[in-house]
Amino acid sequence: GSGKVITKYIKFTVNPIPLDGSITTDKGTQTFVGTAVQLNATATGGIGNYQYKFMSEHNGDWTVLKDFSTANAFSFTPTQAGTYNFYADMMDGSGKVVTKYRKIAVKANSLDYSSTRDKEKQTFRGTVYRLNAKANRIFNR
């Protein structure tokens, strides 16, 4: 040895995996009016420290269901039949945002009913005629 040190280096940049994500529901692609829908968003890649925002669109009306927070789930109960588009904005620690959506068909509930009467089909004027009706809401038809 001469005591000389030679240093060599390689310069490289590590880029994070691009931000991506998904949105799912516990009802698949359809549900019924008055039935809660659980929305779940999952972010991947990016810089971590994810925040989530949930929105819906129904008949051209947009609603922010929940603004950005670290909670990645939200429960929504539709009050009208029709097609709902649910959106999840997923933001990473660097402020990058990716948006995913899920479409759900919301159907009206069915109504099942029965009726009874206390007289025959014909009656006479002035006779009290009693009708009894019973209605049951039927879900998931």
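The values are calculated or read from the model by the stated rules, or taken from the named source; none is laboratory data. Please read all numbers here as calculations on a predicted model, not as lab measurements. Here the Cβ is made from the backbone with ideal geometry for all residues, glycine too, and neighbour counts use every protein chain on show. Protein only, heavy atoms only, side chains kept; ligands, DNA and RNA dropped before computing areas. Shrake-Rupley method; radii C 1.70, N 1.55, O 1.52, S 1.80 Å.
Tell me, what % of the accessible area of the range 52-93 is carbon and sulfur with a 1.4 angstrom probe? Could you put the intermediate results ahead of the total?
Numbers: 960 of 2010 Å².
Roughly 48 percent, rounded to a whole number.
About the Cα centre of the range 1-114, how large is the charge dipole given +1 on each Lys and Arg Cβ and -1 on each Asp and Glu Cβ? Please answer in debye to the nearest 20. Provide the component values of the computation, followed by the final result.
Values: 11 positive and 8 negative charges, 146 e Å.
With Lys and Arg at +1 and Asp and Glu at -1, about 700 debye.
For the ranges 23-33, 59-69, what's the packing order if you count other beta-carbon atoms within 10 Å of each residue, average per peptide, and put the highest first? Walk me through the numbers on the way to the answer.
On the way: 23-33: 15.7, 59-69: 11.0.
Highest to lowest by the protection proxy: 23-33, 59-69.
Counting Lys and Arg as +1 and Asp and Glu as -1, what is the net charge of the other residues whose Cβ lies under 13 Å from the Cβ of residue 36?
Result for the neighbourhood of residue 36: 0.
Sorted from largest down, what three extents in whole angstroms do the Cα atoms of the range 1-112 have along their principal axes?
The Cα atoms of the range 1-112 stretch 98, 21, 20 Å along their principal axes.
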